[in-house]
1. Taking segment 33-97, which chymotrypsin sites (Phe, Trp or Tyr not before Pro) meet the DSSP loop condition and have no more than 15 other C-beta atoms within 10 Å?
2. How long are the semi-axes of the equivalent ellipsoid of the chain, taking √(5λ) for every eigenvalue λ of the Cα gyration tensor, in whole Å from largest down?
3. For helix 6-18, report the angle its Cα long axis makes with the longest principal axis of the Cα atoms of the chain; keep it between 0 and 90° and round to the nearest 10°.
4. Helix 77-95 against the longest principal axis of the chain: what's the angle in degrees, Cα atoms only, rounded to the nearest 10?
Amino acid sequence: MNQLSTKQKSFYKEIARILWEEWDPIGVNDGDNEWNDEYDSYVPHTFKLAIDNADASKIAKHLSTSIIQNIGMTSNPNHDLKIARLIVETKINILGS
């Protein structure tokens, strides 16, 4: 992460926050918990997709696949798409188009 610009680092951290606070497919964040690294392993690929200008549906597919293959749960494609749109919107807000 050292070779990232300050804005890119900020965006990377925002993805981690979004996955923890908004995505949370296993429900470990009940609002009382301090931040933990539960979803940090999903940040690098999600960040790369966003930086490479993947659209929200592609990011959502990655999130859904992660839930099914890595977590072993059923995904909620509509929720994953909502989160992916938030990630794309956040990218635009921090980095521009």
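FYI, it's all coordinate maths here, none of it is from the lab. All of these numbers come straight from a predicted model, not from anything done at the bench. Please note: Cβ atoms are built from the backbone with ideal geometry, for glycine as well, and neighbour counts cover all protein chains shown.
1. Passing sites in segment 33-97 are TRP35.
2. Result for the chain: semi-axes of 21, 16, 12 Å.
3. Long axis of 6-18 versus the principal axis of the chain: about 10 degrees.
4. Rounded to the nearest ten degrees, it is 20.
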